[in-house]
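The values are calculated or read from the model by the stated rules, or taken from the named source; none is laboratory data. None of these values were measured; they are calculated from a predicted model. Positions of Cβ are generated from backbone atoms using ideal geometry, with glycine treated the same way; all protein chains shown enter the neighbour counts. Ligands, DNA and RNA are stripped out before the accessible areas are found, and what is left, the full protein with its side chains, is counted by its heavy atoms. Shrake-Rupley method; radii C 1.70, N 1.55, O 1.52, S 1.80 Å.
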Amino acid sequence: MFAYIVRRLLYAPLILLGVNLLTFALFFVVNTPEDMARMQLGAKRVTPEAIERWKVERGYDKPLLFNGAASGAASLTDTIFFDKSLRMFAFDFGRADDGRDIATEIRTRMGPSLAIAVPTFILGLFVTVSFALLLVFFRGSYLDFQGVVLCVAMMSISGLFYIIGGQWLVSKVWHLVPISGYGGGLDASRFLVLPVLIGVIAGIGGSARWYRTIFLEEAGKDYVRTARAKGLSELQALFRHVLKNGMIPILTGVVVVIPSLFMGSLISESFFGIPGLGSYTIDAINAQDFPVVRAMVFIGSLLYIVGLILTDLSYTLVDPRVRLD
Amino acid sequence: MDVQPVFLWTDVLLFGLMACIGLAAWRARRSEPMRAAWRRVGESAVGMASLTILLLFLVVGLLDSLHYRPYLPPAPDAQVTNGRGPVSTEVRSALDALAEPLRTRVEKTYSAPLAYALFAKQTIEKADGTQQRAFPRLKFGGAGLQYPEEDHAGDVLGRIGLGLALAAGAWCLLAGCLVQGVAMSRMVPFGAAWRAVWRGKGGLAWRAVLVTLGLVFLFAGPVAVLAGEYHVFGTDKVGQDVLFLTLKSIRTALVIGTLTTLVTLPVAVVLGIMAGYLGGWVDDLIQYVYTVLNSIPGVLLIAAAVLMMQVVIDTHPQWFETAAERADARLLALCLILGMTSWTGLCRLLRGETLKLRELEYVQAARAFGVSTARILGRHVLPNLMHLVLIALVMDFSGLVLAEAVLSYVGIGVDPGTVSFGTMINAARMELAREPMVWWSLMAAFLFMFVLVLAANLFADAVRDAFDPRAS
């Protein structure tokens, strides 16, 4: 077990290096810094001096991978790849195009992102699992059928519709909560209710149907029949046996996203004007602020890898049959 | 008509896909298990109903994929050799030609569905020189009405009635043809065939098809008749007919939904089989590649790639002759980029399945007989993976259509000049804040997208149930 974790931890930097190479290729090889400068400076009649100045300001005037002019170790470190990509391993993300420090920005924006993502995640998991269990309790009946139809219909609706429709109905027609914005402290809850609610509703369709399939498969197994035969009520069988064992496959999909909750939700944050990492990313994409996009790609991959390791560990915790070696 | 045909990349691929489906269908006819699986799809009422809807969308999308460039009328003083002028830089499609009135009747700005006047008051100068704040009449919508206040409701109702009558007539004709076909194939009289179909005993679920077609006609008939005089779904900010925009969006959705999986399918299949069958360092390498791609959050990888592609397209304007070609290149690139993030799932699935197949007796027997690896893979492994590929193709469709809308909203989707559900929603989202609200273009986009995605989801379920023995 210990050896397994060590091996996985050693594998992680290798994957991150791959991610870095990929983003490096996308951002610096497919398009040279000159192309980017011309894009950013806009005008077609931009002078070579302006491009040169833009590159020097951002440190893009170095060679890509190997600096022949420098000597010793500097020939590898005094390059764009080292400066812009490898430094991220030390969480040194550099500055955004507007001159702000990306790492500071990420730290301050993490709070609002978590404030919306964590309640959505927990509430969403609770609601979908309960809904799926309800359907399984009434399996084969008309209610079950209607529930599945509802799930398919709900997962066919665009996520944008939930957000736009919810904002219109709750904020504009009923005037219950503000349409968008964010406040500090307890005031924030006023702004968070609607995005959390919509996030939960938008997720019900797909997950509940999937969980239902898992629970149904579990409920048909012999040990559940034995449980019923020894006199457990249907509810007890569902909660004590089906739910517990059904959670094992559900964990695969769920644990892996927990670290990524830091990243926030791109769409709902920007719709509801919440100053989290999701809206930061969207703004960076729209402003073509490449350093920020690169930093977010790195953090996202890091969190995903942490999630994968957590998933493996959680398996051993909930299912003693699983041995990692 | 004398036009110059244009073959955009996505057109070629879309029609190529159709040809592949035709070829696969022809081959599937000879294989008994395939026939049985497809018969199970055909016997499922939900499967046939959703297939009907999908085929209707497909017809619209394919019509919109027949592109051409019309010739301009020759300049009066130019030397004309064959009676036509230079070719236009505007690329049109067969759908544009069929829906010519919808395309050309552009109003000034917003107008509500079926309206005869603009949505906002404007200052109008009257004949006697006085000025008045009023809702100006539309140039085209309801232009035939002499006294709109009195005649509007009656005219609309009359047209709806006519549309319903036409729809009923068309449906009866179609149902007659279908039942006649069933009667001829089973060699029973027409009446008996009709009863069999209606009781759901027509072999395939023809009743579901007829009911679905009936519902579609009930909607399409009145819309078609009304569209001759009104803007059925209103007009958008620059006065374009929303119904026309919605019809144009269908092609974009189909292209994204199908080509994305298709263009990356070879990569996923080849790498998945290689990783599973060859094992060793090949397996390690392929697993490493897809873990790297998987670990980057999808939207960010797409965003990074799209931003870079945009720079490439912007810095090489000489590659594209017309705006449509540039938009098309961007659409295809978006498919490739979306595919880049989605092939890993299928690849992993195929790898796992190949690992299982490799240990089966008949594969081991083939290996013992000295059959070459390539032949084992092509003859014994690949055919047994095709059901997974098919299921992935249909299952991914709906997710991709929904993803396009979100990506276009974020600004990393299709070219702003390409009409798609995403660009429609993106353009319409500020309109909800207006007072009174402009809701129709948003509603139309969501409604059509919902019907398309729902049909795709239901069809995918039917296909999975029929092809995956473990699912049911």
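Tabulated data for the structure shown
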| item | result |
| --- | --- |
| FRET efficiency, 1/(1 + (r/R0)^6) with R0 45 Å, evaluated for residue B:318 and residue A:122 via beta carbons | 0.25 |
| Shielding by other protein chains, A:266-272, mean Cβ within 10 Å | 2 |
| Spatial separation of Cα centroids for the range B:37-55 and the range B:388-462, in angstrom | 23 Å |
| Cα gyration tensor, the range B:1-73 - rounded (a/c under 1.5), prolate or oblate | prolate |
| Amide H contacts under 5 Å for residue B:117, placed H, 5+ residues apart | B:138 |
| With eigenvalues of the C-alpha gyration tensor scaled by 5 and rooted, the range B:227-295, Å | 48, 12, 6 |
| Cα→Cβ-extended label distance, 7 Å offset, between residue A:61 and residue B:371, nm | 6.5 nm |
| Alpha carbon centroid spacing (whole Å) that separates the range B:192-257 from the range B:307-349 | 31 Å |
| Separation in nanometres of the label points that stand 7 Å from Cα toward Cβ, at residue B:168 and residue B:282 | 6.6 nm |
| Computed E for residue A:148/residue A:75 - FRET, C-beta separation, R0 45 angstrom, nearest 0.05 | 0.10 |
| Minimum 30 Å² accessible area buried by the other protein chains, the range B:435-450 residues, probe 1.4 Å, relative to alone | B:437, B:446, B:450 |
| Kirkwood-based shape ratio for the protein assembly as shown, expressed as Rg/Rh from alpha carbons | 0.98 |
| Label zone at residue A:134, where the point sits 7 Å out along the Cα-to-Cβ direction: the range A:145-174 residues whose backbone N lies under 15 Å | A:145-152, A:154 |
| Net lengthening on full extension, residue A:257/residue A:321 (0.36 nm per residue, minus Cα-Cα) | 20.7 nm |
| Mean projected area (nm²) of the alpha-carbon convex hull when the range A:1-139 is viewed from all directions | 15.4 nm² |
| Qualifying aspartates and glutamates (Cα of each under 17 Å from Cα of residue B:237; at least 8 residues distant if same chain) | B:107, B:431, B:435 |
| Cut-off under 5 Å, modelled amide H: who pairs with residue A:78 long-range | none |
| Charge dipole magnitude, Cβ of K and R +1, D and E -1 - the range B:125-276, Cα centre, debye nearest 20 | 860 debye |
| HN-Hα J in Hz across the range B:309-320 - Karplus 6.51, -1.76, 1.60, θ = phi - 60°, x for Gly and Pro | 4, 4, 4, 4, 5, 5, 8, 10, x, 6, 6, 10 |
| Extended-chain gain in nm, criterion 0.36 nm per residue less alpha-carbon gap, residue A:103 and residue A:313 | 72.7 nm |
| 11 Å cut-off, amide nitrogen to a point 7 angstrom out along residue B:218 Cα→Cβ, residues in the range B:173-211 | B:211 |
| Among A:130, A:158, A:279, residue whose mean-square fluctuation peaks in a GNM of chain A (springs only between Cα atoms under 10 Å) | A:158 |
| Rounded to 10°, Cα long-axis angle of helix A:142-155 versus longest principal axis of chain A | 10 degrees |
| From phi via Karplus (6.51, -1.76, 1.60), per-residue ³J(HN,Hα) for the range B:162-172 in Hz, x at Gly/Pro | 4, x, 5, 4, 4, 4, 4, x, 4, 5, 4 |
| Calculated from backbone phi, Karplus (6.51, -1.76, 1.60) coupling profile of the range A:178-192 in Hz, x at Gly/Pro | x, 5, 7, x, 7, x, x, x, 5, 4, 4, 4, 4, 7, 8 |
| Spatially proximal lysines relative to residue A:244 (Cα-Cα < 21 Å; intrachain offsets below 8 disregarded) | A:221, A:230 |
| Kirkwood Rh and Cα Rg combined as Rg/Rh, chain B | 1.03 |
| Estimated FRET transfer efficiency (residue B:139, residue B:87; beta-carbon r; R0 30 Å; 0.05) | 0.55 |
| Whole-angstrom gap from the range A:142-185 to the range B:89-113, using each part's C-alpha centre | 33 Å |
| In range of the label at residue A:89: residues from the range A:295-324 whose backbone nitrogen is under 16 Å from the point 7 Å along Cα→Cβ | A:298-299, A:302 |
| Point-to-point label distance, residue A:47-residue B:468, nm (Cα→Cβ direction, 7 Å offset) | 6.3 nm |
| Accessible area in the full protein assembly, largest first, 1.4 Å probe, for B:69, B:92, A:240 | A:240, B:92, B:69 |
| Max mean-square fluctuation residue, GNM over chain A, Cα-Cα springs under 10 Å, options A:59, A:278, A:111 | A:59 |
| Equivalent ellipsoid semi-axes - Cα gyration tensor, the range B:341-434, angstrom | 46, 11, 9 |
| Protein-only accessible surface order, largest first, of B:107, B:32 at 1.4 Å | B:32, B:107 |
| Peptide B:285-296 - average C-beta neighbours from other chains (10 Å radius) | 5 |
| The range A:1-54: Rg to Rh, with Rh as the Kirkwood radius over Cα pairs | 1.38 |
| 5 angstrom amide H check on residue B:6, placed H, neighbours 5+ away | B:67, B:68, B:69 |
| Estimated [θ] at 222 nm from DSSP helical runs (n ≥ 4, -39500 (n - 2.57)) normalised by residues in the protein assembly as shown, nearest 500 | -21500 deg cm²/dmol |
| Residues losing 10 Å² or more accessible surface upon assembly, the range A:6-32, compared with the chain by itself, 1.4 Å | A:11, A:14, A:15, A:18, A:19, A:22, A:26, A:27, A:30, A:31 |
